Amino acid sequence: MIRQHLTEYAELPVVEFLDTGAEESLLRSAANRARRAGEEPPASTPHRGLMEAAKEEPGSVAWRLRLSSYSEEFVPYLARFVEEVDTTRVRALVIGDWGFEDGSDLSSRDLRDALIGHAEAFPELRSLFVGDVTFEENEISWIQQCDLAPLLAAYPRLEELAVRGVGDTHSGGGTLSLNVPEHRALRSLTVQSGGLPGRLVREVLSSGLPALERLELWLGVDHYGGDTTPEDLAPLLSGKALPALRHLGLRNSQRTGAWVRALAEAPVTSRLSSLDLSLGSLRNRDTEHLLAAVPAFAHLESLDLHHHYLGEENTERVRAALTGAGVRVDLSDRKGDGGDDEDTGDEAEDDYDYYPAVGE
């Protein structure tokens, strides 16, 4: 999830384009290991070999651009990538650490502008991930994104965009913006966050995205700006927005049960083929709502509920009902027995006892 860097993206293996200090650092580490083992130090590293092989077929991998040694700044590092690799054949890019040395919360604005400036060098780019940043490099709530709508405008043939982090959620709003007037090629959009503001959701749903088939939103917790409600998704839930949508992910939610209830009654659910409510906070008191939703979910090919707080008995009741209706359901990663689930009368207070997978 966010503990490790991507090893695959857009169905391609990820290969990192080393910054200038990375090879030296890798060689030094390899030499130290070799000396401890009584062996000769290597002249190169396996990663160097992978990178050089990928240069021969640059469209066969997803290239990760990441400052692993901080020996360069991102803008000249990207320029060097364009010089050394035939980027006219590159189909997928994964953007990692763009300058978080010493805990810096550097905005993605400069990298966005640099990618826009090099747009002609990437005519085949179809998939882009902005923010392949692990929690050891920067907490998800500290990743400062910016307005990425101009980036989409510069790449009108982009089919997949994934973004990790929203921005300044501590001040209650975030800096990521995705108000896209029109983009006719985008088929998949993912926003991963520890707290997704309703403002951003409303921007996405008011955008012109007629080809969008997959939408995945990590809703997070209110403490980190996650104030999205069913009212914010009303244009989508009613079936009016995103006419091509077939997969919906409302993941990592502090209130997964509320989304079960909303989706059970939403017109959009009838045209979905898959639904993802994983990484969330389902618990025992949501069981009856899940069972009542089975008729509304029965047409789905798959329903992902992994990472939940249902007790063992309720887990099996839900599994039996959904599989009996022909739905492939994932109820793995159960987080305990659900407890006695006493209701304090304050739903917001009760929610803090059940954490989604990713907060800060």
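The values are calculated or read from the model by the stated rules, or taken from the named source; none is laboratory data. What you see is a predicted model; the values in this text were computed from it and never measured. Methodologically, a virtual Cβ is constructed for each residue, glycine included, from the backbone with ideal geometry; neighbour enumeration extends over all protein chains shown.
Results, tabulated for the structure shown:
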quantity: Any hit, region 54-70, residues being among the hydroxyl-bearing types (Ser, Thr, Tyr), within 27 Å of Glu136 (Cβ to Cβ) and more than 23 Å from the chain's Cα centre (by Cα); calculated: yes
quantity: Region 305-334, residues that are among the hydroxyl-bearing types (Ser, Thr, Tyr), within 18 Å of Ser274 (Cβ to Cβ) and buried (at least 16 other Cβ atoms within 10 Å of the Cβ); calculated: none
quantity: Glu11 vs. criteria surrounded by fewer than 14 Cβ atoms within 10 Å (Cβ to Cβ) and over 24 Å from Ala162 (Cα atoms); calculated: no
quantity: Any hit, region 221-232, residues being closer than 30 Å to Leu125 by Cβ and surrounded by fewer than 17 Cβ atoms within 10 Å (Cβ to Cβ); calculated: no
quantity: Where Asp19 falls short, out of the listed (1) in a strand (DSSP E or B); (2) in contact with a helix residue (DSSP H, G or I) (Cβ under 6 Å, 6 or more places away or on another chain); calculated: (1)
quantity: Positions within region 264-275 being of a type outside the set (Val, Ile, Thr), surrounded by fewer than 22 Cβ atoms within 10 Å (Cβ to Cβ) and either out of contact with any Phe, Trp or Tyr (no Cβ under 9 Å at 6 or more places or on another chain) or under 14 Å from Ser302 (Cβ atoms) (or both), in sequence order; calculated: Glu265, Ala266, Pro267, Ser270, Arg271, Leu272, Ser273, Ser274
quantity: Answer from Gly257, Gly249 - the residue that is buried (at least 18 other Cβ atoms within 10 Å of the Cβ), of a type outside the set (Val, Ile, Thr), closer than 27 Å to Ser332 by Cα and more than 15 Å from the chain's Cα centre (by Cα); calculated: Gly257
quantity: Test: residue in region 7-25 that is within 20 Å of Asn138 (Cβ to Cβ), among the hydroxyl-bearing types (Ser, Thr, Tyr) and modelled with pLDDT of 95 or more; calculated: yes
quantity: Arg89 being closer than 21 Å to Leu158 by Cα and free of Cβ contacts under 8 Å to residues at least 40 places away in the same chain; calculated: yes
quantity: Helices (runs of 4 or more DSSP H) contained entirely in region 219-307, each with at least 2 residues that are at pLDDT 95 or above and under 26 Å from Ile2 (Cα atoms); calculated: 256-264
quantity: Candidate set from region 37-53 (those that are closer than 26 Å to Val130 by Cα and modelled with pLDDT under 90); member that is nearest to the chain's Cα centre (by Cα); calculated: His47
quantity: Top-ranked residue in region 182-218 [being among the aliphatic types (A, V, I, L, M) and assigned to a loop (DSSP other than H, G, I, E, B); ranked as nearest to Arg261 (Cα to Cα)]; calculated: Leu196
quantity: Top-ranked residue in region 179-202 [being of a type in the set (A, V, I, L, M, F, W, C) and in contact with a strand residue (DSSP E or B) (Cβ under 6 Å, 6 or more places away or on another chain); ranked as surrounded by the fewest Cβ atoms within 10 Å (Cβ to Cβ)]; calculated: Leu189
quantity: In region 148-177, residue surrounded by the most Cβ atoms within 10 Å (Cβ to Cβ) [restricted to those that are assigned to a helix (DSSP H, G or I) and modelled with pLDDT under 95]; calculated: Thr169
quantity: The listed residue being in the same structural domain as Pro197 (by TED's automatic domain parsing), of a type in the set (A, V, I, L, M, F, W, C), assigned to a strand (DSSP E or B) and within 30 Å of His223 (Cβ to Cβ), out of Phe129, Phe135; calculated: Phe129
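Yes or no, residue by residue, for (1) without any contact (Cβ under 8 Å) to a residue 24 or more places away in the chain; (2) closer than 27 Å to Gln192 by Cα; (3) out of contact with any helix residue (DSSP H, G or I) (no Cβ under 9 Å at 6 or more places or on another chain); (4) not assigned by TED's automatic domain parsing to the domain that holds Glu360:
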position: Glu23; (1), (2), (3), (4): no, no, no, yes
position: Glu39; (1), (2), (3), (4): yes, no, no, yes
position: His47; (1), (2), (3), (4): no, no, no, yes
position: Gly59; (1), (2), (3), (4): no, yes, no, yes
position: Val85; (1), (2), (3), (4): no, no, no, yes
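A quick yes/no check of all residues on (1) outside any strand (DSSP E or B); (2) over 18 Å from Phe129 (Cβ atoms):
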residue: Ile2; (1), (2): yes, no
residue: Leu6; (1), (2): yes, no
residue: Val15; (1), (2): no, no
residue: Glu23; (1), (2): yes, yes
residue: Trp63; (1), (2): no, no
residue: Val94; (1), (2): no, no
residue: Gly99; (1), (2): yes, no
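Residues are listed down the side, and each one gets a yes or a no for (1) in contact with a Pro (Cβ under 7 Å, 6 or more places away or on another chain); (2) among the aliphatic types (A, V, I, L, M):
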{"position": "Val61", "(1), (2)": "yes, yes"}
{"position": "Phe81", "(1), (2)": "no, no"}
{"position": "Thr88", "(1), (2)": "yes, no"}
{"position": "Ile95", "(1), (2)": "no, yes"}
